[in-house]
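Notes follow once the structure below has been shown.
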Amino acid sequence: MKASKKIFAVLLAVLMIISCVAVSAFAYDRNGKKVEKLVVLGDSIAAGFSLPDYDSYGQYCLQNVRVKGSFGDLVADGLGIAPQNYTPYVSPGFRTKELRVFLENNYEGDFVTQNFIGALSGNEAYNLDVMKAARPEMQKTIAEADMVIVEIGFNDTWLTTMGTFTDFSMTTNDPVNRILNSPRYIYELEQALYDTIAGFGEQFNAIVNDIYALNPDVTLVAVGCYNPFKDWTIPDGSGLYLGQLLNFEYNNFNNAMKSHLNDGVHDFVFVDVPNTEVVSNTVNDLLSGIPALQKGGWDPHPTAAGHVYIANQILDTLGA
């Protein structure tokens with residue numbers, strides 16, 4: 001009988017130790033809610049483009065892969081998220097409109113999503129049908145998440161314009177067809193200007209509402225936009241930081257995100273990241289003649305230190 005009691009006491013002690021370890025493995029958000037499952041939604045910044053681990057895969061457009069050293073990877077480690085509970089839905093070329101395609105079953109983006117997103121993102125297999133097929137799994141994962149981090153916006157400033165140019169350039173050798181299609185090109189250009197200047201708030205509002213519709217209790221973390229041109233002096237070395245003239249655009253994007261703070265219903269967190277270190281910080285990289293985003297050319301993505309900074313900003317804001 002005494003031996004049985006001793007065995008029972010030992011087993012009870014072991015169970016208590018295991019339970020304590022299990023509890024300590026989970027992080028808690030600033031409201032004391034356990035964070036066990038984390039989803040990251042974003043573009044090439046969240047994907048870890050230009051990091052050594054990204055390059056090791058040998059793909060220009062690497063999608064939905066956990067890249068070592070990316071801010072999502074670092075935050076997951078900082079929160080103690082188990083590997084199987086961290087899901088990055090991230091890809092170069094994502095705009096707010098592409099995220100909405102995943103989140104809304106009746107939304108199909110715009111002419112870029114439907115015709116040119118594969119070419120512009122660097123993955124020809126990436127198209128509207130592929131995105132629509134991914135909806136059920138993606139929406140289910142978001143619905144079960146404790147925290148969703150959204151980093152989006154940079155591609156909204158230029159990708160629609162590139163889509164317009166791509167469409168226009170397809171009729172280079174057919175001037176008659178170019179004239180006949182000029183109303184479409186004008187419409188696309190108007191859409192590009194709207195996306196760049198005023199459309200982000202509308203699209204981001206839809207994303208926030210979509211996420212809360214799937215998961216009303218989720219902690220939603222919005223990572224702000226940084227100005228990758230802020231250190232540009234024009235001419236280079238002149239001391240005239242003309243790149244900072246674009247601060248207004250990124251401030252507009254950030255203000256649209258901040259508008260969701262303190263709605264009294266949901267747990268929305270905004271994380272400001274204005275001092276993100278980027279790979280290229282001089283206009284000379286753009287003027288080098290090397291195509292954008294190629295090694296040695298202009299590259300607006302965070303360095304390894306930039307990702308550490310973003311991750312720390314997120315963790316500090318969360319109080320983790």
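What follows draws every value from the coordinates through simple rules; no lab data is involved. Every value quoted in this text rests on a predicted model; they were computed, and no experiment measured them. Positions of Cβ are backbone-derived with ideal geometry, glycine not excepted, and every protein chain shown enters the neighbour counts.
For the range 226-245, state whether one or more residues are of a type outside the set (S, T, N, Q) and under 16 Å from the mean Cα position of the chain (by Cα). Taking every residue of the range 226-245 in turn, at least one turns out to be of a type outside the set (S, T, N, Q) and under 16 Å from the mean Cα position of the chain (by Cα).
Restricting attention to the range 183-197, the residues being within 11 Å of Thr164 (Cα to Cα) and either among the aliphatic types (A, V, I, L, M) or in contact with a His (Cβ under 8 Å, 6 or more places away or on another chain) (or both) number 4. Restricting attention to the range 221-257 and to residues that are touching a helix residue (DSSP H, G or I) at 6+ places or on another chain (Cβ under 6 Å) and over 22 Å from Val279 (Cβ atoms), the residue that is surrounded by the fewest Cβ atoms within 10 Å (Cβ to Cβ) turns out to be Ala256.
Residues of the range 159-186 being more than 19 Å from Val101 (Cβ to Cβ) and among the hydrophobic types (A, V, I, L, M, F, W, C), which ones? Hits for the range 159-186 are Phe165, Phe168, Met170, Val176, Ile179, Leu180, Ile186.
Could you check the range 77-101 and list, in sequence order, the residues that are more than 13 Å from Leu41 (Cα to Cα) and buried (at least 24 other Cβ atoms within 10 Å of the Cβ)? Of everything in the range 77-101, nothing turns out to be more than 13 Å from Leu41 (Cα to Cα) and buried (at least 24 other Cβ atoms within 10 Å of the Cβ).
Residues of the range 149-194 that are in a loop (DSSP other than H, G, I, E, B) and over 30 Å from Gly80 (Cβ atoms): Trp158, Met170, Thr171, Thr172, Asn173, Asp174, Asn181. If you go through the range 192-228 and keep only what is of a type in the set (Ser, Thr, Tyr) and either without any contact (Cβ under 8 Å) to a residue 12 or more places away in the chain or more than 14 Å from Met147 (Cα to Cα) (or both), you end up with Tyr194, Thr196, Tyr226.
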